[in-house]
1. Which residue, of L436, L344, is at pLDDT 85 or above and not in a loop (DSSP other than H, G, I, E, B)?
2. Would it be correct to say that A88 is modelled with pLDDT under 90 and within 19 Å of C52 (Cα to Cα)?
3. For a quick check of your reading of the model, give me the residue pairs whose first member lies in region 216-240 and is loosely packed, with under 11 Cβ neighbours inside 10 Å, whose second is outside any helix (DSSP H, G or I) and aromatic (F, W, Y), with beta-carbon atoms closer than 7 Å and at least 6 apart or on different chains.
4. So, of the residues in region 359-375 that are open to solvent by 90 Å² or more (accessible area, probe 1.4 Å) and not charged (D, E, K, R), which turns out to be farthest from E183 (Cα to Cα)?
5. State whether one or more residues within region 140-163 are among the charged types (D, E, K, R) and in contact with a Cys (Cβ under 9 Å, 6 or more places away or on another chain).
6. Quick check: is even one residue across region 262-279 outside any loop (DSSP other than H, G, I, E, B), at pLDDT 85 or above, open to solvent by 80 Å² or more (accessible area, probe 1.4 Å) and not aromatic (F, W, Y)?
7. Restricting attention to region 157-194, report how many residues are assigned to a loop (DSSP other than H, G, I, E, B) and either open to solvent by 20 Å² or more (accessible area, probe 1.4 Å) or closer than 24 Å to V352 by Cα (or both).
8. Residues in region 357-376 that are farther than 20 Å from W388 by Cβ and touching a Phe, Trp or Tyr at 6+ places or on another chain (Cβ under 9 Å): how many?
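The values are calculated or read from the model by the stated rules, or taken from the named source; none is laboratory data. Not measured: the values here are computed from a predicted model. Don't worry about glycine lacking a Cβ; one is built from the backbone with ideal geometry, like all the others, and counts go over all protein chains shown. Surface areas here come from the heavy atoms of the whole protein model, side chains and all, with no ligands, DNA or RNA. Shrake-Rupley method; radii C 1.70, N 1.55, O 1.52, S 1.80 Å.
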Amino acid sequence: MAQSSGEGLSGDKPNCILEPLTLPEHQETPSSPHNTTDHAAAAGADSDRLCCLLCDQTFQDSDVDRDMFLAHLLVEHKLVIADVKLIADLKRYAQHWKERLHDKPLTEFCSVIRTNTHPTDKAPSENFYLLCDVLPEDKELREELQRGRLEQILTQQHKERTDTNFSRACLFCKMHFQGNRCEIFNHMTFDHGFNVGQPDNLVYANEFLDILQEKLDGLQCLFCEKTFKDRPTLKDHMRKKLHKKINPKNTAYDKFYVINYLELGKNWESIQAEDDTDVVSVDTDKEEEWGDWEEEGAQAVCLFCDFSAESIDKLTEHMMDVHSFDFHNVKESLELTFYQRIKLVNYIRRQVHQCICVLCQERFPSRAAMLDHMTSQGHTDIPDKSVWDQPQYFFPTYENDTLLCNLEDKESDNGFHGDGIVVAEELPVPQEESVLRDILRS
């Protein structure tokens, strides 16, 4: 049993979980470590390789060779790096500590773990060295590498969002999309019910679509990942079982969601769990005073631009002044029910998101161009009900659309405009013999 000897880091016992190592079966691999006799000459050649922290051996920066790198540290130098999977850039991490350990002993940075210290242990006692983020310098290094990776991901995401050379066919039909990548994801969401989240939350979109396409070409369900005999059977299975979504437990997809790069050591599941369990603790001995507490209202976003306001009146005033769209007059003149208002809002949101004129259906390369067209042509009116009064617009275009939560005004609450609350009236039971009377008696 391994025990901490108390040496290093002021004698604190490290509270870390060690990653299990996968030792290679054979050392003779094409990318096996090699000794660098001339360090200056090999520096350029080994710039893309993992360097041992304590000797001149290097390794390829791949999954298999990383295991060989960790096994080498353990076997040759009795050194263990904790939580390796949480290190954003292992190559830079190793290079940093190689420089730091060049002229200083391991005990200055590492906790010492002494094995076989029990009197009954027959094997000789050995010292192992643990390098982990208990050391402030190691923690700062890991956080710096994480920030660097996040900046890289955000740069890649921005590049993809502004790329107009995207060209790809839909995964489920023959439609082909060119231009912005959002169009194919919105098409698959609205027309095929395949939702992988907001396109702006994705990164490495082409690689993501390649993986999904490969699975479908291999007749594999994207959710349960079972394989079927032919494509019609697969399509029927995914439709009936509601499996038109990816498997959230498959960590191979984590690479393609920006949320997984936000915090060190956390993925979307852990971040979501924190949001769900973020509750206020209550002191049972003392009642809290809630009388002076006021909740900050959620911001509702304009139908046409990025303007937002907590007050719906302020938002409708903005849409009237800036976009010449009188939402109150529209619902009054057309006598819209509550559900028709929902469909109208979702219709306008979807058209604006796709840069399509609300009235004439003309498509534009950008939202700004579409808004200029609508203003200059006076296309701020609403098309015929047959265009937008469709069941598909019951589904919101954006998640948590605050405007949808504020569509039911006071008049509709009081039962006007045809969609108020229906109150059951108590009627006397008929005196004559009837089936209903028999049922009530029984």
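1. Numbers: L436 fails: at pLDDT 85 or above.
Going through L436, L344 in turn, just one is at pLDDT 85 or above and not in a loop (DSSP other than H, G, I, E, B): L344.
2. Details: modelled with pLDDT under 90: yes; within 19 Å of C52 (Cα to Cα): yes.
Yes; evaluated as a whole, the condition is true for this residue.
3. Pairs that qualify, where the first residue is loosely packed, with under 11 Cβ neighbours inside 10 Å and the partner is outside any helix (DSSP H, G or I) and aromatic (F, W, Y): there are none.
4. Ranking the candidates gives T375 first.
5. Yes: region 140-163 contains one or more residues that are among the charged types (D, E, K, R) and in contact with a Cys (Cβ under 9 Å, 6 or more places away or on another chain).
6. no
7. First pass over region 157-194, keeping only residues assigned to a loop (DSSP other than H, G, I, E, B): 163-165, 170-175, 180-181, 193-194.
So of that shortlist, the ones also either open to solvent by 20 Å² or more (accessible area, probe 1.4 Å) or closer than 24 Å to V352 by Cα (or both) come out as 163-165, 170, 172-175, 180-181, 193-194.
Result for region 157-194: 12.
8. Residues meeting the conditions: 1.
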